Amino acid sequence: MTAERFDPASADQRWQRAWDEAQSFRADDTSARPRSYVLEMFPYPSGRIHIGHVRNYTMGDVLARAKKMQGYEVLHPMGWDAFGMPAENAAMEKGVHPGGWTRDNIANMKAQLKRLGFALDWSRELATCDPEYYGHEQALFLDLYAAGLVYRKESAVNWDPVDMTVLANEQVIDGRGWRSGALVEKRKLNQWFLKITQFADDLLEGLGSLDKWPEKVRLMQENWIGKSQGLRCTFRFVDSADGIEVFTTRPDTMFGASFVAIAADHPVAQQMAETVPELAAFIAECKQGGTTAAELETAEKKGFNTGLSVEHPLKPAWHLPVYVANFVLMDYGTGAVFGCPAHDQRDLDFARKYELPVTRVVADGDETGSAFDSDEAYTGPGRIVNSDWLDGMDIEAAKAAVIARAAHEGWGEGTTVWRLRDWGVSRQRYWGTPIPFIHCAACGVVPVPKDQLPVTLPEDVSFDVPGNPLLRHPTWKHVDCPSCGGKAERETDTLDTFVDSSWYFLRFASQPADRPFDPEVIKQWLPVEQYIGGIEHAILHLLYARFWTRALAHIGLIDVQEPFGSLFTQGMVTHETYSRVDPANGQPVFFSPADIERGADSAVLKADGAPVEIGRVIKMSKSKKNVVDPDDIIAQYGADAVRWFMLSDSPPERDLPWSEAGIEGCARFVQRLWRLFRQYDAAATGEDKALDRKRDQTVHAVGQDIASLGFNKAVARIYELTGAVEKAAPSASRSAAIRVLLLLAAPMMPHLAEEAWAAIGGEGLIADAAWPPVDPALLVEDEVTIAIQVLGKLRDTITVPKGMPREEIEALALASDKVQRALDGKAVKKVIVVPDRLVNLVA
Ligand code: ANZ
Ligand code: ZN
């Protein structure tokens with residue numbers, strides 16, 4: 001007889017070893033089975049996995065295990081997004097080497113993932129900091145360069161003069177470097193770019209085919225790409241051949257124009273600032289504010305009247321003032337706009353502030369007068385009014401008419417403008433992929449010959465002084481020019497780590513030694529059937545990966561357009577916070593849930609028994625200490641209970657509140673299943689039709705739930721079947737149901753399932769077992785409940801065999817006491833029967 005209790009402490013490891021030894025989850029490139037590639041976004045090796053990883057990977061794991069049982073050859077790999085800043089920060093703070101720090105973290109986190117029993121093909125494990133991996137990346141970068149998709153350009157960067165490094169926009173906080181606190185300068189540097197804009201239209205169009213992506217992610221990408229159609233046209237300076245080119249998406253509102261505004265960086269502004277100190281001061285003031293679109297949107301609108309005038313292109317006698325304005329961006333459109341205050345909120349704010357005219361040109365329902373009193377711009381639909389020959393047209397017709405007139409008269413043309421910019425990939429950092437180029441005074445920029453790849457990072461670097469260690473390394477950058485043999489220098493910039501994650505899913509699928517991947521093998525696996533990750537990657541990572549896939553297809557290296565067929569973004573794991581205000585500085589001090597004794601509506605710190613404040617339920621984060629450590633809970637409850645908790649209760653796209661009671665319930669359920677499995681009796685006889693039906697309906701539904709990632713629903717159904725089996729009397733049907741329950745639970749609680757499978761004499765590992773077949777005949781309900789109405793009012797229901805003939809239903813309905821009471825002796829004039837649904841008696 002098997003043990004009375006399931007003991008995860010011994011079982012978990014035993015089965016993890018068994019899977020390793022049997023190489024159960026190794027994907028076979030040559031398999032004849034249909035393929036399924038299940039991928040979760042690979043982690044950054046920060047040191048320890050957090051609960052969000054556990055949830056993400058558990059979901060992918062259940063899908064991967066179920067797919068395998070359902071007959072697919074499954075590729076479910078794991079690796080490490082291993083380059084990036086935190087390793088350099090650790091080097092600076094702790095004096096460790098970024099490589100050593102990263103490798104240690106990987107070893108720790110891998111052990112943690114193993115403790116959760118994930119069905120991963122570890123033979124394909126990769127880390128982006130492996131020279132092997134980044135060497136292939138360098139080769140691909142050179143291929144893209146050869147195809148004209150990589151170029152160098154001087155561009156402005158955020159320069160931290162203390163850390164001597166370039167900062168990303170997010171690393172500039174209130175104009176200062178996030179680490180050093182130094183005032184950030186704009187510097188012009190030669191930077192490497194990837195020509196993502198060449199694929200803008202394609203990337204936008206492609207979104208249309210991604211019907212298994214969340215709508216919101218597609219929308220975010222669409223907005224990021226930002227295609228705008230409109231008019232580019234010139235407002236000429238009064239009495240001059242020169243003018244200011246503006247871009248507008250609303251040429252229909254042209255008669256409502258009351259000013260022209262240009263960006264602080266606009267050449268006209270820059271030139272004038274040379275002789276007008278007040279303008280120079282205004283421009284400097286503009287630059288202090290943030291430069292992101294969101295910051296500009298919310299910042300107070302400010303302008304400087306240049307005193308210049310331009311002619312309205314549709315009515316040259318009409319002159320408009322030219323302002324330099326803080327809400328106009330230089331790198332969008334033409335860096336200049338015409339302001340139409342009645343129909344654009346920024347323009348309206350601006351016009352009210354500087355007392356410029358506001359004229360209605362689009363009717364707002366019955367409002368057609370030219371006066372505009374509201375402080376809210378009207379941006380809705382309507383007929384054009386107060387606009388001369390445009391009057392009466394709808395917005396689209398008026399847009400087309402103005403564009404046609406501009407083209408005809410030669411002062412403008414219809415155009416498309418994109419928000420998307422080319423991708424700057426240069427980073428002045430050590431811990432990244434070296435950009436494989438050499439600078440030669442005689443030959444210029446020379447690609448490193450492919451047979452000299454990988455260009456590896458030097459090991460002996462120091463982080464005790466600011467700046468890029470590659471730049472100051474005594475020997476690394478000095479090389480001979482591959483072209484003329486003269487003295488030359490290596491590029492010391494490394495690649496943005498988003499490049500590393502733009503093709504890792506290809507390398508997972510195919511790993512030849514001599515090239516990045518084999519296109520024939522890629523074709524077998526790609527696109528990834530199900531990609532799972534955080535919503536924080538909705539834009540950049542996913543867009544860059546889509547771009548790389550397209551770019552590699554464009555140059556003929558692969559035959560895939562979209563890398564990820566279906567995308568799922570999971571919710572977060574949340575917990576309430578516990579804190580006290582530190583009287584010394586008024587700041588909250590947070591406490592870990594492990595140190596708290598939680599009452600019904602209060603909580604105390606175990607250490608001193610004094611109360612703490614209970615805060616909102618928010619995403620688990622180290623800074624708020626509202627975290628649970630995966631290792632702790634695995635040790636306490638076992639991997640299966642933790643996995644089960646991750647899948648239960650909340651739909652996977654929603655937040656999952658962590659609760660002690662919840663995980664304890666899961667641990668109890670593990671034992672409850674174990675008790676049930678122990679009752680398996682292969683020799684039992686007798687049939688239980690209802691249980692057979694319940695069993696097959698559950699198999700069918702759980703299969704569908706897992707396929708659509710409705711894990712919480714699958715969990716609920718497994719609970720339900722468990723209850724039904726527990727109640728049923730011993731029979732062959734009951735034993736069959738227990739066996740099936742085991743198979744259904746296997747993807748979710750794999751350790752328990754293996755242990756029980758072995759106990760009931762199952763063949764081989766349950767990880768290799770087939771998903772239980774269903775008898776389609778059992779899926780149909782053979783009884784239906786029919787509503788009986790009298791004069792349209794529900795009076796009774798009857799349960800009858802499905803497909804019962806009309807006359808029989810009618811007879812049963814009339815036999816009902818409730819119906820007779822409702823009829824109250826009146827004669828039935830008409831009987832309406834909708835078979836299997838309802839009966840309505842008209843009296
Ligand atoms: C006149 C106008 C009238 C506008 C109106 C809007 C409403 P999207 O859709 O995002 O492309 N614009 C153009 N270039 C700009 C720049 N460099 N910085 C700030 N704003 C700029 O937005 C296009 C609209 O944003 C353009 O259409 C322009 O204002 C403004 F009733 O022109 B519009
Ligand atoms: Zn040379």
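The values are calculated or read from the model by the stated rules, or taken from the named source; none is laboratory data. In this text, all values refer to a predicted model and were calculated from it rather than measured experimentally. Cβ atoms come from the backbone with ideal geometry, glycine included; neighbour counts cover every protein chain shown. Areas reflect the complete protein model, heavy atoms only, side chains present, ligands, DNA and RNA absent. Shrake-Rupley method; radii C 1.70, N 1.55, O 1.52, S 1.80 Å.
Some points to look at:
- Surface share of carbon and sulfur [accessible, 1.4 angstrom probe, percent] for the chain: 50
- Anisotropy class of segment 563-673 from Cα gyration tensor, a/c 1.5 cut: oblate
- Qualifying lysines (Cα of each under 26 Å from Cα of residue 523; at least 8 residues distant if same chain): 67, 68, 195, 212, 450
- Those aspartates and glutamates that a straight Cα-Cα span of less than 20 Å connects to residue 606, excepting residues fewer than 8 apart in one chain: 576, 582, 595, 597, 629, 632, 660
- Anisotropy class of the chain from Cα gyration tensor, a/c 1.5 cut: oblate
- Placing unit charges on the Cβ atoms of the charged side chains and taking the dipole of segment 59-141 about its Cα centre, the candidate lying farthest along the positive direction among 97, 70, 82 is 70.
- 3J(HN,Hα) from dihedral phi, segment 255-263, Karplus parametrisation 6.51/-1.76/1.60, rounded to Hz, x for glycine, proline: 6, x, 5, 10, 6, 10, 10, 10, 6
- Taking the C-alpha atoms of segment 419-477, convex hull volume expressed per residue in Å³: 145
- Taking amide H as placed 1.01 Å from N in the peptide plane, residue 259 has its amide H under 5 Å from the amide H of 339, each at least 5 places away in sequence or on another chain.
- Residue among 336, 506, 158 farthest towards the positive dipole end of the chain, charges placed on Cβ: 506
- Using C-alpha pairs below 8 Å separated by at least 6 residues, the relative contact order for segment 444-585 is 17 percent.
- If you count Lys pairs in segment 703-843 whose Cα atoms are under 29 Å apart, skipping same-chain pairs closer than 8 places in sequence, the total is 14.
- Taking 17 Å as the straight-line reach from the Cα of residue 353, the lysines in range (excluding those fewer than 8 positions away in the same chain) are 301, 302.
- For segment 657-674, 3J(HN,Hα) computed residue by residue from phi via the Karplus equation (6.51, -1.76, 1.60; θ = phi - 60°) reads x, 6, 8, 4, 4, x, 5, 5, x, 5, 4, 5, 5, 4, 5, 5, 5, 4 Hz, glycine and proline entered as x.
- Karplus-derived 3J(HN,Hα) values for segment 819-832, using 6.51 cos²θ - 1.76 cosθ + 1.60 with θ = phi - 60°, are 5, 4, 5, 5, 6, 6, x, 6, 7, 7, 8, 8, 10, 9 Hz; glycine and proline are entered as x.
- A simple packing score, the average count of other Cβ atoms within 10 Å per residue, orders the peptides 552-561, 773-782, 645-654 as 645-654, 552-561, 773-782, with the highest score first.
- Cα-centred dipole magnitude for the chain, charges only on beta-carbon of K, R (+1) and D, E (-1), debye, nearest 20: 1320
- Amide H partners (placed H, <5 Å) of residue 655, local residues excluded: 572
- In the chain, a dipole from Cβ-located charges (positive for Lys and Arg, negative for Asp and Glu) runs towards its positive end, and of 722, 263, 230 it is 722 whose Cα lies farthest in that direction.
- Placed amide H near residue 362: partners under 5 Å, 5+ positions off or other chain: 385
- Per residue, the accessible area of the chain comes to 45 Å² when a 1.4 Å probe rolls over the protein heavy atoms.
- Anisotropy class of segment 1-126 from Cα gyration tensor, a/c 1.5 cut: oblate
- Coordinate range along principal axes, alpha carbons of segment 127-269, Å, largest first: 64, 47, 33
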